[in-house]
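This report refers to the structure that appears directly beneath it.
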Amino acid sequence: MVKICCIGAGYVGGPTMAVIALKCPSVQVAVVDIAQKRIEAWNSDKLPIYEPGLDDVVKQCRGKNLFFSTEVEKHVGEADIVFVSVNTPTKTTGLGAGKAADLTYWESAARMIADVSKSSKIVVEKSTVPVKTAEAIEKILTHNSKGIKFQILSNPEFLAEGTAIQDLFNPDRVLIGGRETPEGQKAIKALKDVYAQWVPEDRILTTNLWSAELSKLAANAFLAQRISSVNAMSALCEATGANVIEVSYAVGKDTRIGPKFLNASVGFGGSCFQKDILNLVYICECNGLPEVAEYWKQVIKINDYQKNRFVNRVVASMFNTVAKKKIAILGFAFKKDTGDTRETPAIDVCKGLLGDKAELSIYDPQVTEDQIHKDLALSKFDWDHPLHLQPMSASSSTEKQVTVVGDAYEAAKDAHGLCIMTEWDEFKTLDYKKIFDNMQKPAFIFDGRNVVNVDQLREIGFIVFSIGKPLDAWLKDMPAVA
Ligand code: NAD
Ligand code: UDX
């Protein structure tokens, strides 16, 4: 029986290993982590992450061929294939701070693998890492290995949160990079055999190590670039009276461009896009390619511009001040169908409004009150460090200005304005007449996700701003400077 161990029981390690266990009954899978609370949750009825379909997969395999454990060294020692799926955050201090990937967690995992291994192993980079990381990992393993042979593979993960299980069941592609030596090719085949149990062969791509590592950064950069492109257009739409929904539909009909990933929004969030593009920018700079670095940096700049623009629009429309005004925030997760708040645009928008002394009433169907307060207290880039290292209950200086409530109606009661930050389906079908009746007047809605029916809301009496859509007269009279 092949034994797999995955270091890191997070958003990637947990679902990916659960699906491998489900699809490969003859493989024994152990997912290990140093965060005890996370492992306890994986072993309970309330899993540590919300992901549609995940509960069912875990229930089918847990205790049979899927195990979650804090006995990191034991399971690593016993495994044939070790996946490493730990955090690779942006460095916050020192060389490359604010851009380069912090490989502290990766390096300590690699050193531990070398320490506890008594048999040869395939070590798989599952985390997103800078190109050439495999070379560094190889050096750490071989210099500490006591004669044991390791083969390093790069097998980046392309799942998106909220659709992780579907993405894993039916991936567009699985990418495996390895050394072009007979041993490297043998290792590639061993990993390919695992995926081939449910992924069609023509979707399993094999490359050299550096192509696999770089493809992951490139894919995320291309995806984020599409969003920044449509968001840049959304600003021009508002200025000209064009409608971004119509523009992106017309653009996406070109089969060379395609319709996906062209939804204008308040900005992209999530744990990957910003971090991975900053990392790409740093790698370009280190390789003497400042023009290429500058090109990709623009994707982040437009994203920051879009979030600032939104805050400025809210404040400018409401007579240039939101001080002591209640603003309802609907949605805090970085996208629907997840409870994940890492780099969610809601954090920047809330911080912007709090900076203007607003009082916020926040509702999200999946994000806890504790998490929201913690997010609003953390500084940039501090979020992506293992949970056990973070303060469990951060008390923020803004806590008095923020309340977290149990539904959208409570959030909106007596509010002057309502901001939609996440495209949760339930926000499409709210009773907006009831909401309007209970709000201060004039009542404003700022839709950062284009989920509401603007015409219907205007008929009710709201002043409505929806990203990239023609402005109503009120907003034209109150221009927001970005
Ligand atoms: P995460 O924070 O949810 O999980 C990482 C886990 O690793 C944490 O639970 C942490 O406690 C654990 N960990 C850290 N150091 C450890 C060590 N030395 N030993 C044991 N456990 C350790 O992160 P994630 O979202 O699962 O991302 C993991 C990697 O995958 C990152 O490199 C990320 O860029 C990449 N990735 C993420 C996604 C996504 O959608 N979240 C998608 C593709 C790739
Ligand atoms: C992303 C990549 O899609 C995935 O392949 C990679 O493995 C990890 O990073 P994720 O961050 O989970 O996945 O979600 P994604 O669906 O890509 O959305 C990222 C952000 O972009 C979200 O805030 C989302 O709301 C936003 N977005 C997405 C838009 O604003 N407009 C779009 O058209 C699509």
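Listed values, structure above:
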{"read-out": "In region 78-130, trypsin sites (Lys or Arg not before Pro) in a DSSP loop with at most 16 other beta-carbon atoms within 10 Å", "value": "LYS118"}
{"read-out": "R0 of 41 Å, Cβ-Cβ distance ALA316-ASP80: FRET efficiency to nearest 0.05", "value": "0.10"}
{"read-out": "Carbon + sulfur, % of accessible area of region 247-466 - ligands and nucleic acids excluded, 1.4 Å", "value": "52"}
{"read-out": "Label-point separation in nm, THR92 to LYS139, each point 7 Å along Cα→Cβ", "value": "2.7"}
{"read-out": "Förster-model FRET efficiency, 41 Å R0, SER379 and SER119, C-beta, rounded to 0.05", "value": "0.40"}
{"read-out": "Under-5 Å amide H pairs with THR403, H placed in peptide plane, nonlocal only", "value": "LEU360, SER361, ILE362"}
{"read-out": "Expected 222 nm ellipticity per residue - DSSP helices of 4 or more, -39500 (n - 2.57), all of the chain, to 500", "value": "-13000 deg cm²/dmol"}
{"read-out": "Peptides ranked, highest mean first, by Cβ atoms within 10 Å: ranges 152-163, 13-24, 195-206, 403-414", "value": "13-24, 152-163, 403-414, 195-206"}
{"read-out": "For region 265-315, the Rg and Dmax computed from alpha carbons only, in angstrom", "value": "12.9, 42"}
{"read-out": "Chain lengthening between GLU107 and ASN438 when straightened (0.36 nm per residue, less Cα-Cα)", "value": "113.7 nm"}
{"read-out": "Extension gain from SER26 to THR429, taking 0.36 nm per residue of separation minus the Cα-Cα distance", "value": "140.5 nm"}
{"read-out": "Within region 432-464, backbone nitrogen closer than 15 Å to the virtual label 7 Å beyond the Cα of GLU246 toward Cβ", "value": "454-455"}
{"read-out": "Share of carbon and sulfur in the accessible heavy-atom surface of region 2-199 [1.4 Å probe, %]", "value": "51"}
{"read-out": "Equivalent ellipsoid semi-axes - Cα gyration tensor, region 247-466, angstrom", "value": "30, 23, 16"}
{"read-out": "Sequence-separation-based contact order of the chain, relative, with Cα cut under 8 Å and 6+ spacing, percent", "value": "13"}
{"read-out": "Net charge dipole size for region 247-466 [Lys, Arg +1 and Asp, Glu -1 on Cβ; Debye, nearest 20]", "value": "580"}
{"read-out": "Beta bridges per DSSP with both ends in the chain, % antiparallel, nearest 5", "value": "5"}
{"read-out": "Beta bridges by DSSP in region 2-199, antiparallel share as percent, to the nearest 5", "value": "10"}
{"read-out": "Semi-axis lengths, Å, the chain, gyration tensor of Cα atoms, sqrt of 5 times eigenvalues", "value": "42, 24, 21"}
{"read-out": "Extension gain, LYS357 back to THR70 (0.36 nm per residue minus Cα-Cα distance, nm)", "value": "98.9 nm"}
{"read-out": "Cross-link reach list, aspartates and glutamates versus LYS139, counting only Cα pairs under 16 Å and skipping chain neighbours closer than eight places", "value": "GLU107, ASP115, GLU125"}
{"read-out": "Accessible area per residue, Å², the chain with all protein chains present, probe 1.4 Å", "value": "43"}
{"read-out": "Gyration tensor verdict on region 2-199 (Cα atoms; rounded if a/c is under 1.5, prolate if a/b is larger than b/c, oblate otherwise)", "value": "rounded"}
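The values are calculated or read from the model by the stated rules, or taken from the named source; none is laboratory data. Keep in mind that what you see is a predicted model, and the values were worked out from it rather than measured. No Cβ is skipped: glycine too gets one built from the backbone with ideal geometry, and neighbour counts run over all protein chains shown. Just so you know, the surface numbers come from the protein's heavy atoms only, side chains and all, with ligands and any DNA or RNA stripped out. Shrake-Rupley method; radii C 1.70, N 1.55, O 1.52, S 1.80 Å.
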